[in-house]
1. Which condition number in (1) under 17 Å from Leu112 (Cβ atoms); (2) among the aromatic types (Phe, Trp, Tyr); (3) open to solvent by 40 Å² or more (accessible area, probe 1.4 Å) is the one that Trp30 fails?
2. Could you list, in sequence order, the residues of the range 16-27 that are among the small types (Gly, Ala, Ser) and either open to solvent by 70 Å² or more (accessible area, probe 1.4 Å) or modelled with pLDDT of 70 or more (or both)?
3. So the check is Cβ under 9 Å with 6+ separation or different chains; which pairs have a first residue in the range 85-103 that's aromatic (Phe, Trp, Tyr) and a second one that's modelled with pLDDT of 95 or more and open to solvent by 80 Å² or more (accessible area, probe 1.4 Å)?
4. Answer yes or no as to whether Ile74 is under 15 Å from Leu31 (Cα atoms) and among the β-branched types (Val, Ile, Thr).
5. Do you know which of the residues in the range 48-62 that are farther than 22 Å from Pro84 by Cβ and of a type outside the set (Ser, Thr, Tyr) is modelled with the lowest pLDDT?
6. Answer with yes or no whether Thr83 is in contact with a Phe, Trp or Tyr (Cβ under 7 Å, 6 or more places away or on another chain), exposed (fewer than 15 other Cβ atoms within 10 Å of the Cβ) and either within 28 Å of Ala26 (Cβ to Cβ) or not small (Gly, Ala, Ser) (or both).
7. Criterion first (open to solvent by less than 50 Å² (accessible area, probe 1.4 Å), among the aliphatic types (A, V, I, L, M) and either at pLDDT below 95 or in contact with a strand residue (DSSP E or B) (Cβ under 8 Å, 6 or more places away or on another chain) (or both)) does Leu96 satisfy it?
8. Output the qualifying pairs, or none if there are none: Cβ atoms under 6 angstrom, residues six or more apart or on different chains, first residue in the range 65-78 and closer than 21 Å to Arg55 by Cβ and in contact (Cβ under 8 Å) with a residue 40 or more places away in the chain, second residue part of a strand (DSSP E or B) and open to solvent by 50 Å² or more (accessible area, probe 1.4 Å).
Amino acid sequence: MGEGDVGELPEELAALGGQVQFVVAARWVWLTPTDTDEQLLPEYPPFSAAGISWRAVDHAETAAALLKRPEAVIDTLSVTRPTPDRRLFEPDGVHLTSVGQVAVARVAVAGLSQLE
């Protein structure tokens, strides 16, 4: 998602959620995107060579849009915020390590267990 695309996100989320409700009789639960480690991104040669990057602010804006939705939302962004004391991301800064994956799984299971 590039700059300027976030404004359309609430409408796109509403359209997506509405389509699923017609297909199945299920409860919709959103997961926010995980964060990225922007310090690692420029150091990862394949991404820098290809000019590929991610912005943590885009993930935060997507999470904020999701949290405004009426459906249940499980926040995986907060648990994956980069900190100096935990290695949550692979060297590319995007993909989670096993520690990061476990953190997301724990939050997801805890969130799902609280649903009625």
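The values are calculated or read from the model by the stated rules, or taken from the named source; none is laboratory data. Please read all numbers here as calculations on a predicted model, not as lab measurements. Cβ sites come from the backbone with ideal geometry, for glycine too, and all protein chains shown count toward neighbours. Protein only, heavy atoms only, side chains kept; ligands, DNA and RNA dropped before computing areas. Shrake-Rupley method; radii C 1.70, N 1.55, O 1.52, S 1.80 Å.
1. Unmet for Trp30, out of (1) under 17 Å from Leu112 (Cβ atoms); (2) among the aromatic types (Phe, Trp, Tyr); (3) open to solvent by 40 Å² or more (accessible area, probe 1.4 Å): (3).
2. Ala25, Ala26
3. Matching pairs, first to second residue: Phe89/His95.
4. Yes.
5. This residue is Ile52.
6. No: the conditions fail for Thr83.
7. Yes: the conditions hold for Leu96.
8. Thr76/Leu31
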